[in-house]
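Shown next, in structure tokens, is the structure this report addresses.
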Amino acid sequence: MSDGINNAVKPVIDLPFYPYGLQYYRQPTPLPAEWEADLSDIVRAGYTHIQLRPQWRWHERVRGAFDWDDIDKLFELASKYSLRVILKPMLETAPDWVYTELNGTRIGFHGIPVSPIAHGAFYVGGWLPCFDNPMVMDAACNFVENLVERYKSQNSLWLYNAWNEPRSRPLGQCMCRHSVESYQKWLSKRYGCIKALNHEFGKAWTSFSSISPPHSGCDYAEMYLWRQWAAESVAGHVGRVADTIRMADDGRRIMAHVGACSVIQDAACDSSDDLLTAHNVDFYGTSLPVNLHPHGPIEWAGPEFIADWLRRVDGNWWCHEFYPNHGNWCPPPEPNKLRQMIWMAISGGARGFTYWQYRSERLGNETNGYGLREIDGTSNERSMVADEIADILRDKSIAFSQARRLNSPIAMLYSRESDILSRIELMQNLNAMQEDINTSYPYKTALRNAHALYLQSGFTTDFVVPGDDISCYKVLHIAGAEMLQPEYLEWLHNFVSGGGMLVIEYPFACRDKNTWVSPQRPSGSYAHLLGCREASRTTIDTESLQVSFYNSTDVKAKGWKVVLQPMDCKVIARWTDGSAAAVHRRLGQGHVYTLGCGISLSHDGTWNYPGADALTKILADSAGLSPLAQKGVWHRRLITPDGEEVLFVYNLNDFPAYCNLDCNIQDTWASHKAQLKDNLITLQANGIWIGRI
């Protein structure tokens, strides 16, 4: 990825209202007899838009012959009821002729075809062809062009969604000749000549044309290269479709949304690159696959974890699939917790919000799932919560459409390179065919838990990537970034010497850019920044090892035992054998804390995890930061262009809590299980208060 795209900040796009709508139609449901009554109810409830998902396989069963009858009728009804329409061409459900005439079947490990299938989300079948095949991509873009040309004159057509959940999955796809040639060209463009590639990675390829994708993850280097190509290929597919839409209709904006964004996805087996893909569209968004029955800070932090990252990717980001329920007759969420999860996405800075979906599904492995309303369209506790929020957003639509999340003083670093490498490290089987999607590997766990640590300690966070402007932050937290290269040393040094506080959790800068372990760890001159080196690193075979901090906090460490060798620093925590587990260094006007004990990786998932106390003490001592409220009570603020602030207060506890505000409250916008008296807000369990301050 080029630094220009990686560190670019997308321009702000303001809308005249707050978008709050839902996915409505994915063939074959809902049925035509249900459409008019549903759309009438949707408008009456206050939703601003619906999404239609025309599927390639459904509309072009015979090559070049298009049948649009159902979409025509839905546009007619949308116009009748003044509903905006987001049109999302579903290209991954390809017609039979794509496979029989264009050889569109994906190829997996060892040349085994990945045959097209159907399931609940792709019920009409044909999922999914290889879009590296230029004939398949040309045919898909021809379908998109015909779709756009047919409906661009419709007044109710509002936005296009270029691609539904772009990603490369499973791990083995695709190894057809088109994909292999694309991978070879990618390597050639990046390294120039085969000699340079061989020198970089210590390989012995004879030419780029002799390189094939790896069939095992035991060689980290080859798998690392291939999965980077896969994510860039996905972004290229989205860009091609977005360009096709623009050429046919340059008057409407285009969006795309990922299924599992970078900070929650399996970076090797479920690959996409948010920063690259977002560059191709006006609005980038994400599905929001969060736990609807949250317990403990890590699960409660789920919506914010995604939102904090998406704000970095695109300040115009949308929550584009919020699931108000899950499938297969699972217990529905408690209304109070569902209400909080929805508002958390909005207070996380989402500039638009779409539910998946209106009616609960009737089909396949999504049976009785994901709907606001029941299969027959009747209301329930979920839909009453969503309708209640629709009323509030409609009443304060302009304010919510203009409000943006206030920056946090704390930033988390996301390192995509470290993410991919950490996932590959778990691939110990010689046959990569046996790899399944897994998001519980060390980097992902440390990143997620570090984020939750700050939230449970009463703080908010933003995300940054290497090279970003971080001058506005007081604290930068780096967890498990093994692949942070020496070119970022000056960036970090300037941040600390200028007064910033750097918190580093090992492993850190332990591998060179070719994935090899660095002889000295951290690599390059990072040791002079940290004031220490890594003396030894071993996995913790027992359940945990105790680490004692000098602020009288004991933490049971898991994952790694990294012994630090102090150089120019002070030891602030020790392992039970007396060796250094954490150190502190003053540098210029700032501070560097290096933790060999991984307090994030060791998080036990409870509100009383002692690692949170250790972190809070560090923040107070060196950054002057104090929690905003009592434990389990979270504050979130949005700010409007005229300087007014919208405050959200959540009580995530199962018992009453209070919040004493040090600001003037202008008015209350929403209150559930909360009472305001003077500047004191009393919240019952899972209560929420929203107002203008």
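Residues of the stretch 284-296 being surrounded by fewer than 24 Cβ atoms within 10 Å (Cβ to Cβ) and in contact with a strand residue (DSSP E or B) (Cβ under 9 Å, 6 or more places away or on another chain), which ones?
Filtering the stretch 284-296 down to residues surrounded by fewer than 24 Cβ atoms within 10 Å (Cβ to Cβ) leaves 287, 289-296.
Residues satisfying the conditions are SER287, PRO289, VAL290.
Take GLY588 and decide whether it is in the same structural domain as ARG533 (by TED's automatic domain parsing) and within 19 Å of VAL547 (Cβ to Cβ).
No; evaluated as a whole, the condition is false for this residue.
Take ALA267 and decide whether it is buried (at least 20 other Cβ atoms within 10 Å of the Cβ), touching a residue at least 12 places away in the same chain (Cβ under 8 Å), of a type in the set (Gly, Ala, Ser) and at negative phi. Step through it out loud before you land on a result.
Numbers: buried (at least 20 other Cβ atoms within 10 Å of the Cβ): yes; touching a residue at least 12 places away in the same chain (Cβ under 8 Å): yes; of a type in the set (Gly, Ala, Ser): yes; at negative phi: yes.
Answer is yes for this residue.
What's the number of the only condition in (1) assigned to a helix (DSSP H, G or I); (2) touching a residue at least 24 places away in the same chain (Cβ under 8 Å) that SER216 fails to meet?
Of (1) assigned to a helix (DSSP H, G or I); (2) touching a residue at least 24 places away in the same chain (Cβ under 8 Å), only one is false for SER216: (1).
Does the stretch 521-528 include one or more residues that are within 25 Å of LEU426 (Cα to Cα), touching a helix residue (DSSP H, G or I) at 6+ places or on another chain (Cβ under 7 Å) and either at pLDDT 95 or above or not acidic (Asp, Glu) (or both)?
As a first pass, look at the stretch 521-528 and keep what is within 25 Å of LEU426 (Cα to Cα): 521-523.
Those still in the list that are touching a helix residue (DSSP H, G or I) at 6+ places or on another chain (Cβ under 7 Å) too: 522-523.
If we keep only those that are either at pLDDT 95 or above or not acidic (Asp, Glu) (or both) too, we end up with 522-523.
Yes, that holds for at least one residue.
Filter the stretch 164-183 down to the residues that are polar (S, T, N, Q) and either assigned to a helix (DSSP H, G or I) or without any contact (Cβ under 8 Å) to a residue 40 or more places away in the chain (or both), then identify the one that is surrounded by the fewest Cβ atoms within 10 Å (Cβ to Cβ).
First pass over the stretch 164-183, keeping only residues polar (S, T, N, Q): 164, 168, 173, 179, 182.
Next, only the ones that are either assigned to a helix (DSSP H, G or I) or without any contact (Cβ under 8 Å) to a residue 40 or more places away in the chain (or both) stay: 179, 182.
Working: SER179: 23, SER182: 20.
Selected residue: SER182.
Of the residues ALA267, ALA256, ALA235, which is closer than 24 Å to VAL9 by Cβ, touching a helix residue (DSSP H, G or I) at 6+ places or on another chain (Cβ under 7 Å) and assigned to a strand (DSSP E or B)? I'd like the intermediate steps shown before the answer.
Details: ALA267 fails: assigned to a strand (DSSP E or B); ALA235 fails: assigned to a strand (DSSP E or B).
Criteria check complete, one pass: ALA256.
Checking the conditions here, which among TYR488, TYR454, TYR473, TYR443 is over 29 Å from GLN589 (Cβ atoms) and of a type in the set (Phe, Trp, Tyr)?
That would be TYR443, the only listed residue that is over 29 Å from GLN589 (Cβ atoms) and of a type in the set (Phe, Trp, Tyr).
Name the pairs whose Cβ atoms lie under 6 Å apart, with the first residue in the stretch 558-580 and free of Cβ contacts under 8 Å to residues at least 24 places away in the same chain and closer than 21 Å to LEU615 by Cβ, the second part of a strand (DSSP E or B) and β-branched (Val, Ile, Thr), and 6 or more positions between them or separate chains?
Note: pairs meeting the criteria are VAL571/VAL583.
Taking into account only those residues within the stretch 93-130 that are modelled with pLDDT of 95 or more and over 31 Å from the mean Cα position of the chain (by Cα), which is surrounded by the most Cβ atoms within 10 Å (Cβ to Cβ)?
VAL98
Kindly establish whether LEU338 is closer than 30 Å to ARG416 by Cβ, of a type in the set (A, V, I, L, M, F, W, C) and assigned by TED's automatic domain parsing to the domain that holds VAL85.
Numbers: closer than 30 Å to ARG416 by Cβ: no; of a type in the set (A, V, I, L, M, F, W, C): yes; assigned by TED's automatic domain parsing to the domain that holds VAL85: yes.
When the stated conditions are applied, LEU338 does not pass them.
Here is a yes/no grid of residues against (1) more than 26 Å from the chain's Cα centre (by Cα); (2) modelled with pLDDT of 95 or more; (3) farther than 23 Å from ASP274 by Cβ; (4) not hydrophobic (A, V, I, L, M, F, W, C):
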{"residue": "TRP158", "(1), (2), (3), (4)": "no, yes, yes, no"}
{"residue": "ALA162", "(1), (2), (3), (4)": "no, yes, no, no"}
{"residue": "VAL180", "(1), (2), (3), (4)": "yes, yes, yes, no"}
{"residue": "SER188", "(1), (2), (3), (4)": "yes, yes, yes, yes"}
{"residue": "CYS193", "(1), (2), (3), (4)": "yes, yes, yes, no"}
{"residue": "ALA204", "(1), (2), (3), (4)": "yes, yes, yes, no"}
{"residue": "SER209", "(1), (2), (3), (4)": "yes, yes, yes, yes"}
{"residue": "TYR224", "(1), (2), (3), (4)": "no, yes, no, yes"}
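With respect to ALA479, is the statement that it is in contact (Cβ under 8 Å) with a residue 40 or more places away in the chain, closer than 30 Å to PHE648 by Cα, in contact with a Pro (Cβ under 7 Å, 6 or more places away or on another chain) and of a type in the set (A, V, I, L, M) true?
Values: in contact (Cβ under 8 Å) with a residue 40 or more places away in the chain: yes; closer than 30 Å to PHE648 by Cα: yes; in contact with a Pro (Cβ under 7 Å, 6 or more places away or on another chain): no; of a type in the set (A, V, I, L, M): yes.
No; evaluated as a whole, the condition is false for this residue.
Return a yes/no flag: does the stretch 619-636 have any residue that is assigned to a strand (DSSP E or B) and in contact with a helix residue (DSSP H, G or I) (Cβ under 9 Å, 6 or more places away or on another chain). Steps first, please.
Step one: of the stretch 619-636, the residues assigned to a strand (DSSP E or B) are 633-636.
If we keep only those that are in contact with a helix residue (DSSP H, G or I) (Cβ under 9 Å, 6 or more places away or on another chain) as well, we get 634, 636.
Yes.
From the list MET90, MET137, which one is touching a residue at least 40 places away in the same chain (Cβ under 8 Å) and either in contact with a Pro (Cβ under 7 Å, 6 or more places away or on another chain) or buried (at least 23 other Cβ atoms within 10 Å of the Cβ) (or both)?
Values: MET137 fails: either in contact with a Pro (Cβ under 7 Å, 6 or more places away or on another chain) or buried (at least 23 other Cβ atoms within 10 Å of the Cβ) (or both).
Matching residue, one of MET90, MET137: MET90.
Mind checking whether some residue in the stretch 238-250 is modelled with pLDDT of 95 or more, outside any helix (DSSP H, G or I) and either at positive phi or out of contact with any helix residue (DSSP H, G or I) (no Cβ under 6 Å at 6 or more places or on another chain) (or both)? Give the derivation first.
Here is the first cut: in the stretch 238-250, the ones modelled with pLDDT of 95 or more are 238-250.
Then drop every residue that is not outside any helix (DSSP H, G or I), which leaves 249-250.
So of that shortlist, the ones also either at positive phi or out of contact with any helix residue (DSSP H, G or I) (no Cβ under 6 Å at 6 or more places or on another chain) (or both) come out as 250.
Yes, there is a match, as at least one residue in the stretch 238-250 is modelled with pLDDT of 95 or more, outside any helix (DSSP H, G or I) and either at positive phi or out of contact with any helix residue (DSSP H, G or I) (no Cβ under 6 Å at 6 or more places or on another chain) (or both).
Just for the stretch 426-476: of the residues that are among the β-branched types (Val, Ile, Thr) and either in contact with a Gly (Cβ under 6 Å, 6 or more places away or on another chain) or buried (at least 22 other Cβ atoms within 10 Å of the Cβ) (or both), which one is farthest from GLY315 (Cα to Cα)? Quick ask: steps written out before the conclusion?
The initial filter retains those residues of the stretch 426-476 that are among the β-branched types (Val, Ile, Thr), namely 437, 439, 445, 460-461, 464-465, 470, 475.
Within this subset, residues satisfying the condition of being either in contact with a Gly (Cβ under 6 Å, 6 or more places away or on another chain) or buried (at least 22 other Cβ atoms within 10 Å of the Cβ) (or both) are 445, 461, 475.
Working: THR445: 25, THR461: 15, VAL475: 21 Å.
Taking the candidates together, the pick is THR445.
Of the numbered conditions (1) out of contact with any Phe, Trp or Tyr (no Cβ under 7 Å at 6 or more places or on another chain); (2) assigned to a helix (DSSP H, G or I); (3) of a type in the set (Gly, Ala, Ser), SER440 satisfies every one except a single condition; which is it?
In the conditions (1) out of contact with any Phe, Trp or Tyr (no Cβ under 7 Å at 6 or more places or on another chain); (2) assigned to a helix (DSSP H, G or I); (3) of a type in the set (Gly, Ala, Ser), SER440 misses (2) alone.
Just checking, how many residues over the stretch 88-130 are out of contact with any strand residue (DSSP E or B) (no Cβ under 9 Å at 6 or more places or on another chain) and at negative phi? Don't jump to the end; show me each part of the working.
Step one: list which residues in the stretch 88-130 are out of contact with any strand residue (DSSP E or B) (no Cβ under 9 Å at 6 or more places or on another chain), which gives 96, 98-104, 109-112, 120.
Imposing the further condition that a residue be at negative phi reduces the set to 96, 98-102, 104, 109, 112, 120.
The qualifying residues number 10.
For the stretch 528-546, name all the residues that are surrounded by fewer than 19 Cβ atoms within 10 Å (Cβ to Cβ) and among the small types (Gly, Ala, Ser). Talk me through it step by step, then tell me what you get.
Here is the first cut: in the stretch 528-546, the ones surrounded by fewer than 19 Cβ atoms within 10 Å (Cβ to Cβ) are 528, 533, 535-544, 546.
Passing the criteria: ALA535, SER536, SER544.
Restricting the stretch 453-483 to residues that are of a type in the set (Ser, Thr, Tyr) and in a loop (DSSP other than H, G, I, E, B), which is nearest to THR606 (Cα to Cα)?
Within the stretch 453-483, the first condition is being of a type in the set (Ser, Thr, Tyr), and the residues that meet it are 454, 457, 460-461, 471, 473.
Then keep just the ones that are in a loop (DSSP other than H, G, I, E, B); that gives 457, 460-461, 471, 473.
On the way: SER457: 12, THR460: 18, THR461: 19, SER471: 33, TYR473: 28 Å.
My answer is SER457.
Within the stretch 547-554, is there a residue that is of a type in the set (A, V, I, L, M) and either surrounded by fewer than 15 Cβ atoms within 10 Å (Cβ to Cβ) or under 28 Å from the mean Cα position of the chain (by Cα) (or both)?
From the stretch 547-554, those of a type in the set (A, V, I, L, M) are 547; that's our starting set.
If we keep only those that are either surrounded by fewer than 15 Cβ atoms within 10 Å (Cβ to Cβ) or under 28 Å from the mean Cα position of the chain (by Cα) (or both) as well, we get none.
Scanning the stretch 547-554 turns up no residue that is of a type in the set (A, V, I, L, M) and either surrounded by fewer than 15 Cβ atoms within 10 Å (Cβ to Cβ) or under 28 Å from the mean Cα position of the chain (by Cα) (or both).
Among the residues of the stretch 416-433, are any out of contact with any strand residue (DSSP E or B) (no Cβ under 7 Å at 6 or more places or on another chain), in a helix (DSSP H, G or I) and under 30 Å from ALA670 (Cα atoms)? Break it down into steps so the answer makes sense when it comes.
Going residue by residue through the stretch 416-433, those that are out of contact with any strand residue (DSSP E or B) (no Cβ under 7 Å at 6 or more places or on another chain) are 416-420, 422-433.
Still in the running and in a helix (DSSP H, G or I): 416-420, 422-424, 432-433.
If we keep only those that are under 30 Å from ALA670 (Cα atoms) too, we end up with none.
There is no residue in the stretch 416-433 that is out of contact with any strand residue (DSSP E or B) (no Cβ under 7 Å at 6 or more places or on another chain), in a helix (DSSP H, G or I) and under 30 Å from ALA670 (Cα atoms).
Report yes if some residue within the stretch 78-95 is over 28 Å from GLY251 (Cβ atoms) and not aliphatic (A, V, I, L, M); otherwise report no. So that I can check it myself, show each step before the final result.
Start the filter on the stretch 78-95 by keeping residues that are over 28 Å from GLY251 (Cβ atoms), which leaves 94-95.
Filter once more, so that each one left must be not aliphatic (A, V, I, L, M): 95.
Checking the stretch 78-95: at least one residue is over 28 Å from GLY251 (Cβ atoms) and not aliphatic (A, V, I, L, M).
State yes or no: is TYR593 over 29 Å from LEU489 (Cβ atoms), crowded, with 16+ Cβ neighbours inside 10 Å and either touching a His at 6+ places or on another chain (Cβ under 6 Å) or among the acidic types (Asp, Glu) (or both)? Please lay out each step first, then the result.
Numbers: over 29 Å from LEU489 (Cβ atoms): no; crowded, with 16+ Cβ neighbours inside 10 Å: yes; either touching a His at 6+ places or on another chain (Cβ under 6 Å) or among the acidic types (Asp, Glu) (or both): yes.
Here the answer is no, as TYR593 does not meet what is asked.
The values are calculated or read from the model by the stated rules, or taken from the named source; none is laboratory data. Since the structure is predicted, the reported quantities are computational estimates derived from the model, not experimental observations. Cβ sites come from the backbone with ideal geometry, for glycine too, and all protein chains shown count toward neighbours.
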